[in-house]
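Read the structure below first, then the notes.
The values are calculated or read from the model by the stated rules, or taken from the named source; none is laboratory data. On a predicted model such as this, the values are computed, not experimentally measured, just so you know. Please note: Cβ atoms are built from the backbone with ideal geometry, for glycine as well, and neighbour counts cover all protein chains shown.
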Amino acid sequence: MRVTWLGHASVLVEMDEVIFITDPIFSQRASPVQFLGPKRFRGPPCTVSELPKIDAVLISHDHYDHLDYLTVMSLNARFGSELRWFVPLGLLDWMQKYGCENVIELDWWGENCIPGHDAVTFVFTPAQHWCKRTATDENKVLWGSWSVLGPWNRFFFAGDTGYCIAFEEIGKRFGPFDLAAIPIGAYEPR
């Protein structure tokens, strides 16, 4: 397994003959507009055009610092329908609105794979968080973490979360993990 941190929650993972990226954001700001909102302390270490061929994208939830419109458009333009998007329940319409064709929407504990890479399973698992992109859509999209299970490696991506009892169940069902990408200080309480 080879893992490259790209900033914030964006991690490029090369594992068991698949390459995927978590919550990619290549924009300078986590905002609906690029002239306002939280700005990156450091720019991304590469551009979308410099990425290797990506097989899948994992989205944990719809906050702007984890689901960036400009990055989605760039990845979609570069990889098109060959790129599989794994997203939480409720996000399919948003993804399709912006031209993403190969989208798999999952509920907690739902699982799927990439065609041609059936040995690697992507499982959408619970987390302690929430969702909101506009003033009227609070918690209309699910949020969560991801457990990626391959024949040789297991990877856990927590997304945004505080500690929750579901982690015990995730560990029992899918652990032990070879690597876990876990946020620091996502929010209170822990």
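Which one is surrounded by the most Cβ atoms within 10 Å (Cβ to Cβ), of the residues in the range 92-122 that are in contact with a helix residue (DSSP H, G or I) (Cβ under 7 Å, 6 or more places away or on another chain) and part of a strand (DSSP E or B)?
E105
If I ask for residues that are farther than 20 Å from G7 by Cβ, of a type in the set (G, A, S) and either part of a helix (DSSP H, G or I) or in contact with a Ser or Thr (Cβ under 6 Å, 6 or more places away or on another chain) (or both), which ones from the range 67-91 would you list?
Those that are farther than 20 Å from G7 by Cβ, of a type in the set (G, A, S) and either part of a helix (DSSP H, G or I) or in contact with a Ser or Thr (Cβ under 6 Å, 6 or more places away or on another chain) (or both): A77, G80, S81.
Considering only residues that are over 19 Å from the mean Cα position of the chain (by Cα) and within 25 Å of G7 (Cβ to Cβ), look in the range 165-190 and name the one that is modelled with the lowest pLDDT.
Among those that are over 19 Å from the mean Cα position of the chain (by Cα) and within 25 Å of G7 (Cβ to Cβ), it is R190.
I'm checking my understanding of the structure. Among residues of the range 147-164 that are in a strand (DSSP E or B) and in contact with a Lys or Arg (Cβ under 8 Å, 6 or more places away or on another chain), which one is surrounded by the most Cβ atoms within 10 Å (Cβ to Cβ)?
V148
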